[in-house]
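Single-structure report; data block below.
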Amino acid sequence: APPECPFCGEAAGRELEEHVRARHGHLLGAPGTDTGNGEQLYECPMCSLTCTNIQILEEHVDLHLEEHNFSEGGNMRDLELAQQLQTEEERQRSEEEKREREEFKKLQRQYGLDNSGGFKQQFLKNMEREVNRGRMQPFEYHKRKADMMESLASGIDDGKTKTSGLIEALCKYYQNENKDVRRVWLSAGVDHFQSSLGDRGWGCGYRNFQMLLSSLLQNSFYNDCLRDTTLIPSIPKIQSMIEDAWQEGFDPHGASHFNNRLHGSKAWIGACEIYSLLTSLRIKCQIIDFHKPTGPMGTHPRLYEWVLHYYSADNEGGAKVVCTSKPPIYLQHQGHSRTVVGIEEKKNKSLCLLLFDPGCSSQEMQKLLKQNSDGTGLRLLRKFAGSLKEKQYQIVAVDGVLSLEEKAARCRASQVLTSEKIP
C-alpha cells in the first residue's frame, strides 16, 4: 500500500514529501512547549522528538520523508524483482515441459510407439521409395506387395529373408579348421532371418524369435507345445501372439509400457516379451541378467562363461566339434538383440561367441554355405570378449517344456519378477 501522510492519514504515494510540505508545512513550525527560559521546543509530528530549533526540526522531518521514500522504493524494487523471478521461473518451467514433451515424442518415434504404422505401412513406404529411386521395377513392386499381403493374411513369414543350413556348414568348416580353435560347441540347427523392408530399424527382437523358433520346430521334443505353431509366424503375427500372452496375465508391467498393444506398431521388444511369449507356449526358459561388466575395460567374461557352460554341460566329450541339441540363445542389450548359436574355445583358452545378427544380409550369410569357405565369412559371426562392452546384457535360454501347472506358476511369478541377476 502507498505510504500514508503522518499528519492526515491520506495516502500520498511517491509524492509524500510534496504533500507534507504543501498541506502541512505550517505544522512544522508550530511552537511546542515553553522551556521557561525563553526557548521554544518544537515536536516532530512523526516521532514526537523535540527540537529547540525550527531548522533542525525541518532537517529531522526531511530525514523521515527520505526514509519513507527509500522504503517505498525498496518495496517496489523487491516487488519488481519477485515478479521478474516468478516470470523467469515460469518461462524455465514452460521450456522444460516443452523439452520433456519433445523428448518423449522422440522416444516414442525411436521405439515405434508413435502410432506411425507398423510392418505393412513401412514395407509399402520403403518399396515406393525404391521404385522412385529406380532400384525396383513397378512390376516387382506389385508382386512383392501381393506376396506381403498374402503373408499377412496367413500369419506366416514368407521366408524371403531366411537362410538355412548354416549350422551344418559351420560344423563342416570347424572339422577342417586347424589354426587356432581348440574346441567349438554349436547349437541345434537354426535358420537365419534378416530384417526386411517392413521391419528394418526395429524388428531385431522379432527376427531373433523367428531364429529361436526355427530351431525348436526342428526338435521333436517341443512338438506338443508347438502343435499350433508349425510354421514360422510373420512379425505382425508374433505381435499378436505377445498380446495373447499379456491377455493370459504374463508381465502386466511390461504390457502397460506398450499400452497392451503391439500389433500395427513398430514397437521394439526385448527379453521380457520373448520370455512371456515362450512361456505362454509352455516352453521352459529363463532370463539371465548380466547387469554390469565383470571384467576389465567394461567386458563381460561371466556372460561368456555362462554360455560355455550352457552348451558344454551335457557335452563333455573330447571331440573338437560338438554339435549339441541345445537351442540357440536370445541375447539382448540396449538397442539391439542377436542370437547366440555357438561358442569357440581358442588354443590360448580365450572364448569367442558365434552370433547370428538380423542386421546381416542374407547374401552375406549365404557365403557361409560354400564348402570351400576359408573362414573369412566367420568375421560376421565371431564376437570376442572385447566386442561386447555394453553396460548390460540379458539372455533368454530355453531348457525344456512346462506342464500346465508350471506355466500357471510362472505366469504368476512374472507379475513380480522374471529375471535372475548375475552378481
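Regarding residue 148, is this residue crowded, with 17+ Cβ neighbours inside 10 Å and assigned to a helix (DSSP H, G or I)? Judged against the criteria, residue 148 is a match. Of the residues that make up the stretch 280-291, is at least one under 22 Å from the mean Cα position of the chain (by Cα) and of a type in the set (Lys, Arg)? For the stretch 280-291, residues under 22 Å from the mean Cα position of the chain (by Cα) and of a type in the set (Lys, Arg): absent. Tally up the residues in the stretch 222-267 that are assigned to a loop (DSSP other than H, G, I, E, B), open to solvent by 10 Å² or more (accessible area, probe 1.4 Å) and either closer than 27 Å to residue 326 by Cβ or among the β-branched types (Val, Ile, Thr) (or both), please. So the answer is 10.
With respect to the numbered conditions (1) closer than 23 Å to residue 270 by Cβ; (2) of a type outside the set (Lys, Arg); (3) part of a helix (DSSP H, G or I), which one is the sole condition not fulfilled by residue 167? Exception for residue 167: condition (1). In the stretch 179-203, the residue that is surrounded by the most Cβ atoms within 10 Å (Cβ to Cβ) out of those that are farther than 24 Å from residue 285 by Cα and small (Gly, Ala, Ser) is 198.
Would the stretch 369-383 turn up any residue that is among the acidic types (Asp, Glu), closer than 23 Å to residue 337 by Cβ and open to solvent by 70 Å² or more (accessible area, probe 1.4 Å)? So far as the stretch 369-383 goes, no, none of its residues is among the acidic types (Asp, Glu), closer than 23 Å to residue 337 by Cβ and open to solvent by 70 Å² or more (accessible area, probe 1.4 Å).
For the stretch 204-220, check the following and say yes or no: at least one residue is open to solvent by less than 10 Å² (accessible area, probe 1.4 Å) and either in a loop (DSSP other than H, G, I, E, B) or at pLDDT below 95 (or both). Within the stretch 204-220, not a single residue is open to solvent by less than 10 Å² (accessible area, probe 1.4 Å) and either in a loop (DSSP other than H, G, I, E, B) or at pLDDT below 95 (or both).
Evaluation of residue 292 against the conditions (1) closer than 20 Å to residue 391 by Cβ; (2) assigned to a strand (DSSP E or B); (3) out of contact with any Asp or Glu (no Cβ under 8 Å at 6 or more places or on another chain) shows that the sole unmet condition is (2).
The values are calculated or read from the model by the stated rules, or taken from the named source; none is laboratory data. Here the structure is a predicted model, which is why all the values come from computation and not from measurement. We place every Cβ from the backbone using ideal geometry, glycine too, and count neighbours over all the protein chains shown. With ligands, DNA and RNA removed, areas are computed over all heavy atoms of the protein, side chains included. Shrake-Rupley method; radii C 1.70, N 1.55, O 1.52, S 1.80 Å.
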